[in-house]
Amino acid sequence: MIFLSRTLPVIVALCFGVFGIGIYYVPHAAAQNLERELALWLRVVFAFSYLLGLYSLLNLHWQRIRQRVEGWGYSAMVYVGFGLMMLFVIHNDGKGPFAPQAEGTAAENGYQWLFEYVQVACSSTMFSILAFFIASAAYRTFRARTPEAALLLVAAIVVMLGRVPIGAYISEYVPAAAEWLLNVPNLAAKRGILLGVSLGAIATSLRIIFGIERSYLGGGDE
Amino acid sequence: MTRDTYVFLGLVLLFAVVNGVLLANGVLAADWEGLGVIVAAGLTLALYSFLYKDNPLFKVAENIFVGVATAYIFSQNWYQTIYGEVFVRLSALGGEDSVSGDWWLLAPTVLGLLMLTRFSRRFGWLSRLSFAFFVGLGAGLTIPRTISSFILAQIEPMLQPLSWSIEGFNLLVILIGVVAVLVYFFFSVEHTGVVGKVSRVGIWFLMISFGASFGYTIMARLSLLIGRVTFLLDDWLGIM
Amino acid sequence: MIQWLMNIDRRIIFVFVFLGVALPLLANVFLPIKPTRDVISVYDQFEKVAEDEGIVLLSFSYGASTEPEMQPMARAILRHCFSRNIKVVAVCLWPEAPGLARKVLEEIGDEFGKTYGEDYAFLGFKPGNFAVVLNMGQDFRDAFPQDNWGTPLEELALTQDIRTLRDFDFVFDLAAGDSIEFWWIPYGQEKYGFPFAGGCTAVMAPDLFPFLQSKQMVGLLGGLAGAAEYETLVGRQDKATAGMSAQSMAHLIIVAFILFGNMAFFLSRRR
């Protein structure tokens, strides 16, 4: 049982990891066909993995409703939104879920209507709220306590003013300074970070392939 | 009822009156699109009410959004892949529309279904095979491409001949910056002496980079705010 | 007084930010915009595709949360493509993208009288992140066998001869996440060598400058400012340009807050 639940997955990871590296360097048609096939497999498994997240979310809110925890009514709202949208998903403009997705604009199709006027509205609003909090945080906490912090502050101000039209009104050098900051020191730092992260990613990938890193298997019961 | 409750009820009433006026004046059409704009404006304002204080309106809007978004993303996965590719191709197996390679589609389908056993106490170990495939193949695909795209392709432009020009100066600054940042992140050696000084230079470059990122982040969030305010002022109130 | 200023109720700051955004929008002020080098590079690349009568792959990798930044960018790019009769094939790599992509394709397609299937095609969304790019590179039909509504690619005039990513003259990714850096460049551009550029949210723009210098990207549109610069190049001012006045004012307000906060901090430290 330990072989099936612990050792076999590590062997699977090793085999597919070696395939993944090998097919990059082998130009033979068989290797390229294998790459194509494995990419399709990845996509299919990816689609199923979403169902895990779906179950987790719905189960979390269901438990809150079942146990009548404080604020359980809001979890019921999740089911209201989910149920309403799923009605249109399943209805699919009369074609049902086992047919290609229906066409139609928001005026013609409840599914598009909910997407445009509920999901898009709420999603972009949630992220735009951060603008207010960033402004508040910048005022209260962004202090030039050290020379490094002052450097960060100056760079932020130059970029903020240089990348919008008002910068050119303040001085013609402001946009030029912003451009230089982004294309030289910022580029250097980001490249250094990218190189470091890449080396770390390679090391972690090798550890996964060789079975040293097994956290993705999860712990607990065999 | 508290003062805040009166304030929120008053705002809801005001919202209803404003919409009535907009519909009566023809600014909003009395059709599905008009109703959509009203619903979107209502949800937007309900979410923005969080800026005053956390309140039930905000929580209702937030949770409805979560439900709708979840179902939407499910529908995209279903129609495009689970039904559109897996179901259609597997149900044609053995028939005249069948393609010989389609039998291989059973493998990822089984792996995908095994993934769902994650929630079972007894059979949860089966999901490890799916995760092992996914993670192992992903790791294998990552390594050569990371070397090529992120290491070799990034080092090459730095190793250009320097010249007595602005471009040459910039190239020198970039070279110094990259080396200094890499030295800063090398924690296996104590940052004292020469290493400490180079590491300090790396910190300066990082501070400039974080400052630039901070400036751009503010720009991004404000852009989203501009978009929502444009919607409220133009699409809803029609005063822009 | 200084302590009160340093601990001011944040809702007052919120009001200033809101007014800083709303008032310029209501005043309808248009500030002149000067396109930057990286945006001009993207424009020039599209012009080159137009001269060669080529075909472009437009990848939509953003969702509703970044719609105010990315949709104006998508509109400006599509207006350029359709005004120069560039053929466009659109795919989505994010699950929330299809609704937004469809809307902008149909809107701009109708504006220029373009025909679906001949001038542009929309292939919908496929889950899989980098795996989709990998799949498209090997066999485009394997990744996208049909368009968004189930029509096989061989039945659309535009996509009949598309087999791999090499068949596109230019690939442009509209990205809100790390699709440019971690999907398209390593899994697509690196192997197949097609001209590649991207438009991204402002949050991600600073991270992509190394790829511009290494020529892995031809150009970059960063955030709403990038979209506004592109609208200027295309000669059609729209929401992005209108937003720049509000953006400028809001930035000034935040810079003022930062400087004021620091001034108050140093004054209180002196005491």
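Read-outs throughout are calculated quantities, based only on the coordinates presented, and are distinct from any laboratory measurement. The structure displayed is predicted, hence computed values, not measured ones. Ideal geometry is used to build each Cβ from the backbone, glycine not excepted, and the neighbour counts take in all protein chains shown.
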* **the stretch C:1-42-the stretch C:230-247 distance, computed between alpha-carbon centres (Å)** => 16 Å
* Asked: Relative to the longest principal axis of chain C, what angle (0 to 90°, nearest 10) does the C-alpha long axis of helix C:223-234 take?
  -> 60 degrees
* Can you tell me the dipole magnitude for the stretch B:1-142 around its Cα centre, using point charges on the Cβ only (Lys, Arg +1; Asp, Glu -1), in Debye to the nearest 20? => 760 debye
* Built amide H within the under 5 Å cut-off of residue C:199, gap 5+ -> C:173, C:174, C:175, C:221
* Whole-Hz Karplus ³J(HN,Hα) for the stretch C:132-148, in order, using 6.51 cos²θ - 1.76 cosθ + 1.60 and θ = phi - 60°, x for Gly and Pro? -> 5, 5, 4, 5, 4, x, 6, 8, 4, 5, 5, 6, 10, x, 9, 7, 4
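Per-residue Cβ counts within 10 Å, from other chains only, averaged over A:73-84: what number is that?
The per-residue average across the peptide is 6.
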* Structure fact -> Mean per-residue count of partner chain Cβ within 10 Å for A:86-99 equals 3
* Structure fact -> Ranked on Cβ counts within 10 Å of their own Cβ, fewest leading, B:148, B:49, C:245 go B:148, B:49, C:245
* Asked: Going toward the positive end of the dipole of chain C, with +1 on Lys and Arg Cβ and -1 on Asp and Glu Cβ, which of C:85, C:188, C:219 do you reach last?
  -> C:219
* Structure fact -> Going through A:190/B:197; C:87/C:126; C:34/C:126; C:34/C:239; C:48/C:239; C:34/C:215 one by one, the pairs whose alpha carbons sit over 28 Å apart turn out to be C:34/C:126
* How high is the relative contact order of the stretch B:103-240, given as a whole-number percent (alpha carbon pairs under 8 Å, six or more residues apart)? -> 10 percent
* Residue order, fewest to most beta carbons within 10 Å, for C:270, A:191 -> C:270, A:191
* Structure fact -> Packing-ranked peptide list from A:168-179, C:201-212, A:9-20, highest mean Cβ count within 10 angstrom first, is C:201-212, A:9-20, A:168-179
* Could you give me the radius of gyration and the Dmax of chain A, taking only the C-alpha atoms into account and expressing both in angstrom? => 26.0, 72
* **Sorted peptide list for B:25-32, B:215-222, C:173-180, C:157-164, criterion being average Cβ within 10 angstrom, highest first** => B:215-222, C:173-180, C:157-164, B:25-32
* **Cα centroid of the stretch C:252-269 to Cα centroid of the stretch A:188-207, whole Å** => 37 Å
* Stokes-Einstein diffusion coefficient of the protein assembly as shown, Kirkwood radius over Cα pairs, 10 °C, 1.306 mPa s, in µm²/s -> 58 µm²/s
* Structure fact -> Each residue of B:171-182 has, on average, a number of other protein chain C-beta atoms within 10 Å of its C-beta equal to 5
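Based on DSSP H runs of at least 4 residues, each adding -39500 (n - 2.57), what is the mean residue ellipticity at 222 nm of chain A after dividing by all its residues, to the nearest 500 deg cm²/dmol? List each step's numbers first, then the result.
On the way: 9 runs with 160 residues, N = 222.
My calculation for chain A gives -24500 deg cm²/dmol from helical runs alone.
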* For chain B: relative contact order, % (alpha-carbon pairs under 8 angstrom, 6 or more apart) -> 13 percent
* Relative contact order (percent, whole number), chain A, Cα cutoff 8 Å, 6+ residue spacing -> 23 percent
* **For the stretch B:3-91, with +1 on Lys and Arg beta carbons and -1 on Asp and Glu, the positive-most of B:29, B:81, B:5 along the dipole** => B:5
